[in-house]
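Notes follow once the structure below has been shown.
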Amino acid sequence: MGKNKLKRFAANDINPNVVQEGKAIYTTIKGKWNSDFFTKNQPITLEIGCGNGEYTVGLAQHFGERNFIGCDIKGARIFKGSTEASEKNLQNVGFLRCRVEFILEFFEANEIDQIWITFPDPQLKDNREKHRLTHPRFLDLYKKILKPDGFIHLKTDSRELADFTLETLKTYPHQNLIHTFDLYHSALIAEHQGIQTKYERMFLGLSIEMIVSTELPHLKPLKKA
Ligand SMILES: C[S@@+](CC[C@H](N)C(=O)[O-])C[C@H]1O[C@@H](n2cnc3c(N)ncnc32)[C@H](O)[C@@H]1O
């Protein structure tokens, strides 16, 4: 492992805004983010596959009345967002290093108010569908931790992933779905809060941008679009 990575992992170990294996809070945080981690009890937004955490940090700066958690499996990426949040002295930001597959170990039912998924890997190879972060197996997990009226936002530049998500939602209970295939020329532009992620910047201009937002209500029937 490179020296830089080791340094970043060491920084995550001591940065109090990072929750990861080896810290006592890692095993006790479930259901207690607002009481044991954040300084203010406020609605929580979770960014899944947050990478460098641009949305987590950017939204936290816009919305001081909300708390934000970036979740990713890669420690070196989390280091970037957590360091920026510390430098900006943002008290409403946390980072969780874990695989999304284990998210129920860290959040209680209804603990999350909103979810953002930004530029997830579209997993285009055969048999990779179940690894897409909008696959029903993940939606089932998100639904468990989201409040009944909680929203999930997807921002992607992959038409395949957007189409897959919209098709998936046809057979999945949801309501108040809105989407655009051309974010930068759409009224939904305000939704993105002017934040661009690393992966967005890498591909901006090469393809159109899409955003899909919907609620995953608990046990509510499907509404016609
Ligand atoms: C293509 S990158 C996008 C990162 C960031 N959202 C952006 O837009 O720049 C996808 C991120 O999702 C994370 N990821 C993918 N699958 C994951 C999983 N099952 N659990 C946790 N993180 C995951 C990866 O580690 C990576 O940082």
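What follows draws every value from the coordinates through simple rules; no lab data is involved. Just so we're clear, the structure is a prediction, and the values are computed from it rather than from any experiment. Cβ placement follows ideal geometry from the backbone for every residue including glycine, while neighbour counts extend to all protein chains displayed.
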Self-check item: Charge dipole of the chain about the Cα centre (unit charges at C-beta), most positive-ward option of Gly2, Gln42, Pro173
Solution: Gly2
Exercise. Find how much the distance from Asn41 to Lys125 grows on full extension, using 0.36 nm per residue of separation minus their present alpha carbon separation; answer in nm with one decimal.
Key: 26.0 nm
Quiz item: So what's the back-of-envelope 222 nm ellipticity for the chain, counting only DSSP H runs of four-plus at -39500 (n - 2.57) apiece and dividing by all residues, rounded to 500?
Solution: -8000 deg cm²/dmol
Quiz item: In whole Å, what three semi-axes, largest first, describe the equivalent ellipsoid of the stretch 3-108 built from its Cα gyration tensor (square root of 5 times each eigenvalue)?
Solution: 19, 16, 12
Exercise. Counting other beta carbons within 10 Å of each Cβ, put His179, His62 in order, fewest first.
Key: His62, His179
Quiz item: Cα-Cα pairs above 16 Å in the stretch 106-179: how many percent?
Solution: 49 percent
Quiz prompt | Charge dipole (debye, nearest 20) of the stretch 3-108; +1 at Cβ of Lys and Arg, -1 at Cβ of Asp and Glu | solution = 380 debye
Exercise. Would you mind ranking Phe181, Phe102 by Cβ crowding within 10 Å, fewest neighbours first?
Key: Phe102, Phe181
Quiz item: Cα centroid distance between the stretch 86-103 and the stretch 133-203, in Å?
Solution: 20 Å
Quiz item: Where does each of Ile145, Ile14 land when they are ranked from fewest to most other beta-carbon atoms within 10 angstrom?
Solution: Ile14, Ile145
Practice problem: Over 25 Å between C-alpha atoms is what I'm after, so list which of Lys74/Lys198; Lys80/Lys125; Lys143/Lys170; Lys3/Lys125; Lys88/Lys130; Lys7/Lys144 land there. | Solution: Lys80/Lys125; Lys3/Lys125; Lys88/Lys130; Lys7/Lys144
Practice problem: Using only Cα atoms, figure out Rg for the chain and give it as a multiple of 2.2 N^0.38 Å. | Solution: 0.98
